[in-house]
Each structure stands twice: as structure tokens, then as C-alpha cells.
Amino acid sequence: MLMQTHEARLKALREELKRRNLAGFVIPISDEHMSEYVGDYAQRLHWLTGFGGSAGFAAVTQTHAAIFVDGRYTVQVKGQVDNSLFEYRNIPKDSLADWLKGAAEKGQHIAYDPWLHTQGWVDKLERELEGSDIALVSTDSNPIDAVWADRPEPSPAQAMVHEDTLAGRASADKRGEVADWLAQNGLDAVVVPALDSVAWLLNIRGTDVSHTPVSHAYVIAHEDGHADLFIAPGKVTPELSKHLGNAVTIRDRAEFESALRQMKGKRVSVDPDFGVAGIAQALRAGGADVAFRQDPTILAKAIKNEAERQGHRDAQAADGAAVSRFLRWIDENAPKGEVDELSAAAKLEEFRREHGDLRDTSFDTISAAAGHAALPHYRVDEDSNITIPPGSIFLCDSGGQYPAGTTDITRTVWIDTPGGAEPTAEMKDRFTRVLKGHIQIDRAIFPQGTSGGQLDSFARQYLWEAGVDYAHGTGHGVGSFLGVHEGPQRIAKHAGGQSGTGQELFAGMICSNEPGYYKADAFGIRIENLVLIVPKHIEGAEGEWLGFETLTFVPIDRRLIEPALLTETEIDWLDAYHAKVREIVAPRLSGEDIEWLERETQPLAR
């Protein structure tokens, strides 16, 4: 029945395209703000294909259809999308332009929704289609919306004030900084399209998107420090209006496009990564001069002030207590063979709600047992859920959204058997090599001007010595009660080829530290803490130097460590880390939880 439903939806889309005299259409996972997580109303790719991953796109013509995903979703797409309807294509191996050249005829028009793609995406695809006589055209409205009869409405939830005591800076101060940036760059205004940037700039939050506490809105900030907030009227409360004050004009979100068209003669900045093509096209249609520059809030948002830094420490302490209790629960119950992946994720959320002002999880918990742990971005559901097998590795990557801060932690643990069982030598070798890389990042000292890409190999070197590696980045930025994945900083390979890896690291930025190892169909390992970049004083040093302050404090499973592979310095690090875990987490626990924590944080036998 499911396959027939998607077949009917594909047929309805093709009929709508034919009615509009269009030969094809490109369907991304995206919203009008280029958000990582999108609301149900914007889940067009899932509606059309059944694919539930967080990255990918489809292309449909009258005779062909394909879904494009990267290596993270190769297995998932085959289980969710009918290959009699959609061909499977791999990113980056397969090119959309090449596929369109084979699926469309010369002289035909392939459409895209300009409010779901960046101008850079449009320009690149147009270049790649040159000489093919296939035209790329924008649509006035999305054709899927015309055939999606029960499409959900966008969230009507009201926006909320994020108190200055938590934000650490008043919105007026932030807007003044943006105004200075505009003046320095000869600009009249900047469009702020990303939802987390809007939230940060105005010190507001919301519940419109799962896992990220934001409200659907746009901002146009002007050179005089004034700003226009475009937001649905039903989201505005008297408290919000009072908080924003007279220097922020609240306007209906429906007026946003027309406001862009009224900026004739203005030089307006648009972020190339978060500003959709529809913004640039509306500005140009109205006679504005568009300058593509990085949104000035992005770097400012990434560099946390002291209030945000302390908020993170507080949130991490509460989160650490919850995760520690969960690990004790797993340790005692999973060996009985009575815990599955879904129940483990639910129990972890239960502990989080008991230990802090949890507003949401910061992403879908990766609760991965045995071979599922070998999938770095595994997402458990009713169909994939399995019992956590005794005598295996269990990986749990999770996080919480607290008003004080956003958390993200991964722990990999050994699930014992009732009779007692030891991890294999290979498991202990790989776990210890991952731990050694994690320690190297945590202990790194580097000069001001260093980028995340320059640090990445610190985490991989011991895996490389064994001829293995991992296919994801080592670290990403994290927001303050905002996105769990926040730029512009990133610790990853290919400094010139991946967004954020060439970004200079500054004191106040928060990054994850999460090296891993994955053996297909067998087990996976990842150890993740969050770290804060801080100044480092070195006697006699020349220039400014930086390092990391650890923020996450939860025991690391010593059963998976091969002590012979660790140096004395690394063992000292682990023992000092576990002593700090006891200091921070123990006061938040009681009874048998404290006993478990004391036992799991004892010095490593040498």
C-alpha cells in the first residue's frame, strides 16, 4: 500500500508539472531558511519518496525519477524508497546535471523552487547545463504543494523571549555591531535568513522546528541599528513586543518578499549559504544591488560570551548527571537481553527530563547496537529497532536543549553477559586508538590563526598507524540553546574543500571532539565531548596561543581500553578527566548512582 501511495504521488506531481508546461522538477530537503532540520510542512521529499534521511534530493521528469543521497544513507534509502519509482544515485559520484541531460530532452524546462535553493546552487547547475539546451526555470509556487492535499501547516507556536542574562548581550548591542559591519562594508542593509541567526540577533527562541529552539522568521537589519522582523502575527506576544522595543519593527511574514522588492537603490548583503535564491531574485527585481557576504551574525554567534560559556558549563553538568545515570541503567539492564534501541533512547530522555530544564533533544538520539553502531548516522525506528545483544558494543550519541546551553555527547560502552564476557582484542585496540586521538585534540595547543582543518589529523593519527580511518569530521560547532550543528568552525579533513574547515578558530568557540571507528556490520566506536576554545598562557611564548577546555563530563568505559597502548601522559589525562567527572557530577547524584560513578571513574590500572 505504501508503494502504491508513493506511486500515486509521483503520478500526481507529473500531472501538475505537465499542467504547468514543465518537463521536470528538483525536490530538496530544505525550507526557506536552508535549515538543517525542517518542519513537517517542508518535508516534501519525504512525502514524495518515503525517504526519511536529513540530506538528499530527488529529481523528477515525465519519464524518469531519481533520488540522490550520500554514503551515509546508502542503506537507508534502499529500505525506504521504491527503486521501481526512483533510481538510486550517489552524491558526489553522480551529477544532477548529467542525470538531467539523460532524463530530459533538448528545449525542455526543468523547474526549481527558488525559496528552497541558494543562488549558488542555481548558478552552478545553470553552468553545468550550458550547451545542453535544457533550461533551468524558477517556479512561482511549489508544484508539490499543489498536489499534497493534507500538507501540514507551519507551526503556529508563539515566539519566546530569551533573557539577556542567558544571552549575555542585549539585542540592541548585537544590532549595533551589525550596523557597524554594514558601515564598514559600504552596505545599507543585510538580510538575516537563518533561523538561528534571527534568534541570536534578537534574543528570541521558539518551538517551530524539532531539536532547534527557533521561530520561523526573517530579519532585515539596517545601517542605523533598526531592524524589521518578519513573523506570523499569531506568534507575537505582548512580552515579545516589549522585549524587542521600538527599534525593531514587527511585520507580517507574508510581507517579506514585497519588502525586498521595495529596496530600490539599496546595497543589500545576502548570505550565500543561507539566503535562498528567492531573496536575491526579489531584491534584484526591485532594483537593489545584491552583495553576497557571510551573514555578520554567524561568526559573532559562534564566539560565546562569558554568560554563554557558563551556561554551557551548567547545562553540561546537568546533562552529565543524566547520561551517567543512563549508563548505569544500561550497564545493569542490557546484559539481561531486555533492552532494545528504542527503549534505551526513551530512558535516556527520561533521565534528562529529571535532571535539567530540558526543552527538547538536540537531535534524534543515535541509539545503535552491534552492527547498527557501524552506521555513523544510524536512526532507529520501529522497523530497524533491535534488542541490544549481550556481549556487544552499544553506541549512543545524544544531546539536549536547555535554556542555558545545547549538549551533544557520544559514549560507546561494552554490554556484558550474565556470565561475563570480554570485548575482543580488535574492539579494545580500535577503542583505545580512538581514545588516543580524542585525547590529542583535547590537549592540543595551537597558535592564533589555526583552522579546524589543521587540527583534524591529530585525532586520526593512531587510527592511520593501524591502516584505518573514519569518514566523518572530527568536530563541529555547537550553539547556545540553538543549533547543535553551528558554523562557521569545523574540525575535518580537506581544509580547502569542506565548508568551515578553513575557518580560523577563536577563543569562545565551542566544538565537538568526536573521532570514531566503524567496522561494517560488526561494531562502531565514537567518543565525543564538547570543548571550549580558550587562551593558553605559555611561558616565553611568541604570539597568542589557544587550547581547549573540556565541557562534557561523563565516564569513559575502561573495559574497552587496552592500557598497553596508552602512554603515561594519556593515562594521566584519563585519570584526571575521571576525577573531574566525580567532582562535577557526583553532587548531582545519590545512592547507588554515586557508587556506580565512583567505581567507573577509578584510576586506570597501569
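The values are calculated or read from the model by the stated rules, or taken from the named source; none is laboratory data. Predicted, not measured: the structure shown is a model, and the values here were computed from it. Because the Cβ atoms are built from the backbone with ideal geometry, glycine has one as well, and the counts that use them run over all protein chains shown. Note: accessible area is taken over every heavy atom of the protein model, side chains too, but ligands, DNA and RNA are not part of it. Shrake-Rupley method; radii C 1.70, N 1.55, O 1.52, S 1.80 Å.
Figures for the structure shown
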| read-out | value |
| --- | --- |
| Partners for Lys101 among lysines (Cα-Cα distance below 22 Å; same-chain residues under 8 apart left out) | Lys11, Lys18, Lys93, Lys124 |
| Amide H partners (placed H, <5 Å) of Asp557, local residues excluded | Thr412 |
| Surface accessible to a 1.4 Å probe, per residue, for the residues of the chain, Å² | 40 |
| Derived scalar couplings ³J(HN,Hα) [the stretch 71-83; Karplus, 6.51 cos²θ - 1.76 cosθ + 1.60; whole Hz; x for Gly, Pro] | x, 5, 10, 4, 6, 4, 5, 5, x, 10, 10, 6, 6 |
| Carbon plus sulfur fraction of accessible area for the chain, probe 1.4 Å, in percent | 48 |
| Difference of contour (0.36 nm per residue) and Cα-Cα distance, Asp150 to Glu163 | 1.0 nm |
| Thr552, Thr165, Thr424, reordered so the largest accessible area comes first (probe 1.4 Å) | Thr165, Thr424, Thr552 |
| Derived scalar couplings ³J(HN,Hα) [the stretch 589-606; Karplus, 6.51 cos²θ - 1.76 cosθ + 1.60; whole Hz; x for Gly, Pro] | 10, 8, x, 5, 5, 5, 4, 4, 4, 4, 5, 7, 10, 5, x, 6, 5, 9 |
| Rounded tilt (10° steps) of 341-355 against the dominant C-alpha axis of the chain | 80 |
| Ranking by accessible area, most exposed first, for Glu308, Glu153 with a 1.4 Å probe | Glu153, Glu308 |
| Heavy atoms of Asp113: accessible area, 1.4 Å probe, square angstrom to 10 | 20 |
| Hz values of 3J(HN,Hα) by residue in the stretch 120-134 - Karplus curve (6.51, -1.76, 1.60), Gly and Pro given as x | x, 4, 4, 4, 5, 5, 5, 4, 6, 8, 4, x, 8, 6, 10 |
| Nearest-10 value in Å² for the accessible area of Glu15, using the 1.4 Å probe | 110 |
| Surrounding net charge for Phe25, when Lys and Arg each add one and Asp and Glu each subtract one, Cβ distance under 15 Å | +2 |
| For Ile491, distant residues with modelled amide H under 5 Å away | Thr474, Gly475, His476 |
| Cα-based shape type of the stretch 291-342, given that a ≥ b ≥ c are square roots of the gyration tensor eigenvalues and the cut on a/c is 1.5 | oblate |
| DSSP-defined beta bridges in the chain - what % are antiparallel, rounded to 5 | 75 |
| Cut-off under 5 Å, modelled amide H: who pairs with Asp360 long-range | Gln401 |
| The chain: relative contact order as a whole-number percent, Cα under 8 Å and 6+ apart | 10 |
| Listed values [x] 65.3, 206; [y] 25.0, 77; [z] 22.9, 72, entry calculated as Rg and Dmax of the Cα atoms in Å | [y] |
